[in-house]
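Scroll down for the structure; my scribbles are underneath it.
Just so it is clear, none of the values below were taken in a lab; they were calculated from the coordinates. The model shown is predicted, which means the values in this text are computed figures rather than measured ones. Positions of Cβ are backbone-derived with ideal geometry, glycine not excepted, and every protein chain shown enters the neighbour counts.
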Amino acid sequence: MTSPAPQPGADTPGTAALDWWQHNTTMSQLTDGESARLHPETLALSFGFDPWLSEGAVKPPVFLTSTFAFRHAADGKKFFAWAHGEGGHHAKREMGLIYSRLNNPNLEIFEDRIALWEGMKDAYSFSSGMAAIATTLLATHEPGDEMIVCAPVYGGTDSFIHHFLKRFGIRAHFVPAGVEAPERALPLVTPRTRSIFIESPANPNNRLTDISRMREIADRHGAGRILILVDNTMAGPVFAHPARVGADIVLYSATKFIGGHSDVVGGVALANDDNLLTAISHHRALLGGMPNPYTAWLLTRSLETLKLRAEQQQRNAQQVAAFLVGHPKVRRVCYVGLLGPDDPEYAIYQKQHSGPGSLISFYVRGGEPEAFAFLDHLKVFRLAVSLGSTESLAQHPAAMTHSGLTAEDKLLGGVTDDLVRLSIGIEHPDDLIWDLQQALEHV
């Protein structure tokens, strides 16, 4: 939903007006069949927004309002009943606007368009990636449940699972991400197992885990109870679509590739199952983790250039990775684009990805002093955490993003003192390679 929906009453044509509004909040003049044949990068420019409901504005305005008026008390009663889940899950376009903690046009425009990118039924946006992850885990787990987690995961996720959920009686078993993850997970499945949580590629070592194999394990041993949750932040919605290979819920830090400009913090949770969508939306409303309208507007803006940015970043990363592989002061490079047919993870890559993306991790020869010397001498790369933005970033996972991991979990994920993570931006690749070359001279 993109603009306040006509709310049926004595002075409106009732359900006919609502039907008109539902039909016309997509690209004007396009039939449903014509819309279905278009690509996400086309629909990202206009889907879910009717300019004529907003004074003819070509781009959606920012709806900076906390509350929305009802035409009649009966409408308020109906919309609140639907918001509470009475009568089953309702599409957002049916619901009517109530209050921006529950729904807002800017949030719903963004959610419609990111769901298109992912090829999933619906999405809910959040104020951060951690808000999306935390809310989703709380919405889908109960005390006594168990999780299987493919390590490493983002440090905030690791801390939430290890510490916060543990306090509420939810236990996690960690296995190393990669080819062997399904076999290591299998003996850990019990009647209490509720989910398998995967980052693929894993953050920060880029290991790939077979999502469809995890789906098979969940279906065979969980009797429909085990959910497959995939944090797809590292690949982004351009180069990987986890739901197509078995994920029940797909999660994002929208701060990264989706936002893509280091100027907004956000998150997303997507699902196809109505019950999961209802649980996530109810928990978001209760916990208050939705983004503000301007954040949602910025994320919607960024979706328009997502593919252009991601593809340029990927082209740059391929050249940077090739340079690093041949450098004498680099011990090992972890980049999905370097996988070949002889690599165990290559088959997973072929099944789950359409491209390698732009995240590179590599091990310098030495330890923390050598890694810090390299980072301190970079001139084009910014020494900063985060990833997926237009500018290139470099950081030290063991001391920064993954510093909260236990020594055991760092070892499990290969997060050692000689590891550096690069997020490749849209600069000229020759300039990035020059910067890496001169910084490596100080190692």
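Residues whose amide H lies under 5 Å from that of Thr193, counting only those 5 or more places away or on a different chain, are Glu146; hydrogens are built 1.01 Å from N in the peptide plane.
Taking a sphere under 11 Å around the Cβ of Ala235 and counting the other residues whose Cβ falls inside, with K and R at +1 and D and E at -1, yields a net charge of -1.
Backbone amide hydrogens, once placed in the peptide plane, bring Leu97 within less than 5 Å of Ala5, excluding anything fewer than 5 places away on its chain. Counting only DSSP beta bridges whose two residues both lie in region 148-295, roughly 25 percent are antiparallel. Comparing mean-square fluctuations of Asp430, Asp158, Asp418 from a GNM of the chain with C-alpha springs under 10 Å, the top value falls on Asp430. Beta-bridge orientation, the chain: approximately 55 percent antiparallel, per DSSP, counting only bridges with both partners inside. Computed packing ranks the peptides 380-390, 228-238, 36-46 as 228-238, 380-390, 36-46, most packed first, by mean other Cβ atoms within 10 Å.
Remark: relative contact order (the chain) = 16 percent; criterion is Cα-Cα distance under 8 angstrom and separation of 6 or more residues. Starting from one equal scatterer on each C-alpha and no solvent at all, send me the Debye-based log10 I(q)/I(0) for region 122-303 at q = 0.09, 0.11, 0.15 Å⁻¹, two decimals. Here the Debye-derived log intensity ratios amount to -0.28, -0.43, -0.81. Among Val320, Val364, Val58, the residue with the largest mean-square fluctuation in a Gaussian network model of the chain, with springs joining Cα atoms closer than 10 Å, is Val58.
With a sphere of radius 15 Å drawn around the Cβ of Ala172, what net charge do the other residues whose Cβ falls strictly inside it have (Lys, Arg +1; Asp, Glu -1)? Provide the component values of the computation, followed by the final result.
Working: positive: Lys166, Arg167, Arg171, Arg184, Arg192, Arg194; negative: Glu142, Asp145, Glu146, Asp158, Glu199, Asp231, Glu408, Asp409.
For residues surrounding Ala172, the net value is -2.
With charges only on Cβ, +1 for K and R and -1 for D and E, what is the dipole size of region 122-303 about its Cα centre, in debye, rounded to 20?
On the way: 15 positive and 16 negative charges, 41 e Å.
For region 122-303, the charge dipole is close to 200 debye.
Taking other residues whose beta carbon is less than 10 angstrom from the beta carbon of Ile249, and scoring Lys, Arg as +1 and Asp, Glu as -1, yields -3. Peptides 182-190, 299-307, 124-132, 199-207 ranked from most to least packed, by the mean per-residue count of other Cβ atoms within 10 Å: 199-207, 124-132, 299-307, 182-190.
Over the chain, the ratio between the Cα radius of gyration and 2.2 N^0.38 Å evaluates to 1.02.
Which of Ile228, Gly367, Leu306 sits farthest toward the positive end of the charge dipole of the chain, with +1 on the Cβ of Lys and Arg and -1 on the Cβ of Asp and Glu? Result: Ile228. In this structure the amide hydrogen of Ala151, modeled in the peptide plane, comes within under 5 Å of the amide hydrogens of Val175, Ala177, none closer than 5 places in sequence on its chain. Packing order of peptides 142-154, 246-258, highest average first: 246-258, 142-154 (average count of other Cβ atoms within 10 Å over each peptide's residues).
So if I place +1 on the C-beta of Lys and Arg and -1 on the C-beta of Asp and Glu, and nothing else carries charge, what would the dipole magnitude of the chain be about its Cα centre? I want it in debye, nearest 20.
Numbers: 37 positive and 48 negative charges, 110 e Å.
I would put it at about 520 debye.
Tell me, what is the percent relative contact order of region 302-372, built from C-alpha pairs under 8 Å that lie six or more residues apart?
Details: 61 pairs, mean separation 27.7, N = 71.
Relative contact order comes out at 39 percent.
Using a cut-off of under 18 Å, list every residue of region 402-425 whose amide N is near the label point 7 Å from the Cα of His162 along the Cα-to-beta-carbon line. Residues 402-419 fall inside that zone. Relative to the longest principal axis of the Cα atoms of the chain, helix 306-325 runs at roughly 10 degrees. Between His72 and His221, the distance separating the two model label sites (each 7 Å from Cα on the Cα→Cβ line) works out to 5.6 nm. For region 334-344, 3J(HN,Hα) computed residue by residue from phi via the Karplus equation (6.51, -1.76, 1.60; θ = phi - 60°) reads 10, 8, 4, x, 8, 5, x, x, 7, 7, x Hz, glycine and proline entered as x. Using a 10 angstrom cutoff on alpha carbons, build the Gaussian network for the chain and name the most mobile of Trp117, Trp82, Trp297. Between Trp117, Trp82, Trp297, it is Trp82 that shows the largest mean-square fluctuation.
Under a Cβ-only charge scheme (Lys and Arg +1, Asp and Glu -1), can you give me the dipole magnitude of region 375-433 about the Cα centre, in debye to the nearest 20?
Numbers: 4 positive and 9 negative charges, 25 e Å.
In total the dipole reaches around 120 debye.
At the listed q of 0.14, 0.15, 0.18, 0.24 Å⁻¹, the Debye profile of region 217-321, built from one uniform point per Cα, gives log10 I(q)/I(0) equal to -0.67, -0.75, -0.98, -1.34. Listed by chain and number, the lysines placed with their C-alpha closer than 25 angstrom to that of Lys329 are Lys379, Lys410; residues fewer than eight positions away on the same chain are left out. How far apart, in nm, are the 7 Å Cα→Cβ label points at Val385 and Gln319? According to this spin-label approximation, the distance is 3.1 nm. At full extension, Thr416 and Gln350 could sit 20.9 nm farther apart than now, given 0.36 nm per residue minus the alpha carbon distance. The simple Förster model, with R0 at 35 Å and r as the Cβ-Cβ distance, assigns Leu38 and His377 a FRET efficiency of 0.15. Against the chain, whose longest principal axis comes from its Cα atoms, helix 429-440 is set at around 50 degrees.
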